[in-house]
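The values are calculated or read from the model by the stated rules, or taken from the named source; none is laboratory data. Just so we're clear, the structure is a prediction, and the values are computed from it rather than from any experiment. FYI the Cβ positions are ideal-geometry reconstructions off the backbone, even for glycines, and counts take in every protein chain you see. Note: areas computed on protein heavy atoms with side chains; ligands, DNA, RNA excluded. Shrake-Rupley method; radii C 1.70, N 1.55, O 1.52, S 1.80 Å.
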Amino acid sequence: MIDLSEHHPALPEGLHFTHSDYTATIFFDRPARKNAITAAMWAALPQLMAHLDGNPDVRLVVFKGVGSDFSAGADIIEFETVRKDAQTARLYEAQNVQAFEAVRNFSKPSIAAIRGICFGGAFGIAAACDIRLATDDARFCVPPAKLGLAYPRQAMGDVVEAVGPQMARFLTFTGAVINAAAAFKSGFLLEITDPEQLDERISAISAEISGNAPLSIKASKQAIRASITREPADLDQADRLGDMTFESLDYAEGRAAFREKRKPRFNGT
């Protein structure tokens, strides 16, 4: 595995990524603070996602936390300075919204691999991902009501899509902590694994995704998004991306591989 963080100088302390076999893995790396996300980390995420989106050698992204937790969400210790009044709170929330949008609008698949706690803003990052898996000891919480704050409207859309309106209400009204079983039942999680099996399962899913045709996956992701939003621009983009696959070299390769009874070798063109 190659660490390419040095090629992206905007990355702050606590955020890094590695790249191997078409998979980029983004790490929240502040285990002493339960991987709490600093303002600098929030600000860097959009640029990082854009950097990975433009790299043809990256076909999907996995989010992980270093150590025993995914992330405790926003680092509340910083709030006395970066979110000390209404003006700074609005600026801070704008950074949050941009980070959630960067994950949500990433054109390639995104997976959240969750251990331990996944609270607040980290829950929002996971909700913006396409697929979520967690260990059976994972815990989830959306606590703004306990801080006198509101969860960003844009991020709330991801939460509602991921868990449904009733669970979204329960989580945000109560600030309650739910376990992995409850998160799975709500639809938030695709699977629950034993802690020692999570990395293996993530690797297996990543290999399946990266071995398939990138243009097809991009078109499918956009078509799914369009079916949810029903926005004309999303529907038109889904049609365009689907149409592009018909003339792609990967489509020709897929047909040839089927005829020759071999595994296809897709290159994303």
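When the helices (runs of 4 or more DSSP H) confined to region 205-267 are screened for residues that are free of Cβ contacts under 8 Å to residues at least 40 places away in the same chain and in contact with a His (Cβ under 8 Å, 6 or more places away or on another chain), none reaches at least 1 such residues. Scanning region 126-144 for residues that are touching a Ser or Thr at 6+ places or on another chain (Cβ under 8 Å), modelled with pLDDT of 95 or more and not β-branched (Val, Ile, Thr) yields 128, 129, 130, 133, 134, 136. Of the set (1) in a helix (DSSP H, G or I); (2) in contact with a helix residue (DSSP H, G or I) (Cβ under 9 Å, 6 or more places away or on another chain); (3) modelled with pLDDT under 95, all apply to residue 149 but (1). Kindly indicate whether any position in region 58-69 is acidic (Asp, Glu), at pLDDT 95 or above and surrounded by 14 or more Cβ atoms within 10 Å (Cβ to Cβ). Yes. Looking across 186, 206, one residue alone is open to solvent by less than 40 Å² (accessible area, probe 1.4 Å) and under 16 Å from the mean Cα position of the chain (by Cα). It is 206.
Taken over region 94-124, the criterion of being among the small types (Gly, Ala, Ser), assigned to a loop (DSSP other than H, G, I, E, B) and open to solvent by less than 20 Å² (accessible area, probe 1.4 Å) is satisfied by 116 alone.
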